[in-house]
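Taking it in order: structure first as structure tokens, then the write-up.
The values are calculated or read from the model by the stated rules, or taken from the named source; none is laboratory data. What you see is a predicted model, and the numbers here were worked out from it, not measured in a lab. With ideal geometry, Cβ positions are generated from the backbone for all residues, glycine too; neighbour counts draw on all protein chains shown. These area figures cover heavy atoms from the full protein model, side chains too; ligands, DNA and RNA do not enter into them. Shrake-Rupley method; radii C 1.70, N 1.55, O 1.52, S 1.80 Å.
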Amino acid sequence: MQRSRNDLWVGLFVLIGGLAVLFLALKSANLLSLNFDSSYKVTAKFDNIGGLKPRAAVKSAGVVIGRVENITFDDKSYQASVNLSMESRYVFPKDSSLKILTSGLLGEQYIGIEAGASDKNMASGDVIKQTQSAVVLENLISQFLYSKAADSSSGSVAAPPPGTSK
């Protein structure tokens, strides 16, 4: 009788430990959110979202104020339509702007919001038009290489080798 009671307690302890590990894994992978606060939904349109994923953070001044709900492609405007779930306790003016930013050099992408100056605040269903797309590293490199190639072929004359005269 004593042995089966100990087995029950050990099994219960192992089960609770397994659930705790599962909870931590889902939280750290940003797949689980236990937010019971009310929220409002807004939509933003971007030309390029880079590597932005659903459940990515929406931050203002480094504070998480919402999450990306889902991302779809709008075949009429040929833009990415990003649906955001913003916590109701954080209110922003209607003319606020959104940027897709990166945590660190190669970190995950998130949306940064900068408050505008309008008297009216965002409400559920609003579409944010002032957006700045993600900076794509490949585009920056190609622009840099193109500008260097244009500089070298723009008629600059190479200096004569040392020890020779013109």
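Put a dot 7 Å past each Cα toward the Cβ at V136 and R55; how far apart are the dots in nm? Placing both labels 7 Å along Cα→Cβ, they lie 2.6 nm apart. Once neighbouring chains are kept in place and the probe is 1.4 Å, which whole percent of the accessible area of region 1-151 is contributed by carbon and sulfur? That share works out to 60 percent.
Please calculate how many Å² of accessible area the chain carries per residue, with a 1.4 Å probe and no DNA, RNA or ligand atoms counted.
Numbers: 11770 Å² over 166 residues.
Result: 71 Å² of accessible area for each residue.
Net length available on complete extension from D75 to L8 is 18.4 nm, with 0.36 nm assigned per residue and the Cα-Cα distance removed. The magnitude of the dipole of region 112-151, with charges of +1 and -1 set on the Cβ of Lys/Arg and Asp/Glu and taken from the Cα centre, is near 60 debye.
When the P(r) is computed for the chain, the part past 23 Å accounts for 58% of the Cα-Cα pairs.
Angle between the Cα long axis of helix 2-28 and the longest principal axis of the chain, 0 to 90 degrees, nearest 10? For 2-28 against the chain, the angle is about 20 degrees. Considering region 99-159 at the alpha-carbon level, its Rg and Dmax are found to be 19.5, 64 Å.
When each of the peptides 51-57, 14-20 is scored by the mean number of other C-beta atoms lying within 10 Å of its residues, the order from highest to lowest reads 51-57, 14-20.
Its Cα centre serving as origin, the chain has a Cβ charge dipole (Lys and Arg +1, Asp and Glu -1) of approximately 300 debye. Under the combined filter of DSSP loop state and at most 16 neighbouring Cβ atoms within 10 Å, region 22-109 retains these GluC sites (Glu not before Pro): E108. As an exercise, use a Förster radius of 22 Å and the Cβ-Cβ distance of K99 and S38 to find the FRET efficiency, rounded to the nearest 0.05. FRET efficiency, K99 to S38: 0.30.
Between K120 and S152, what FRET efficiency comes out of the Förster formula 1/(1 + (r/R0)^6) with R0 = 41 Å and r the beta carbon distance, rounded to 0.05? The calculated FRET efficiency here is 0.20.
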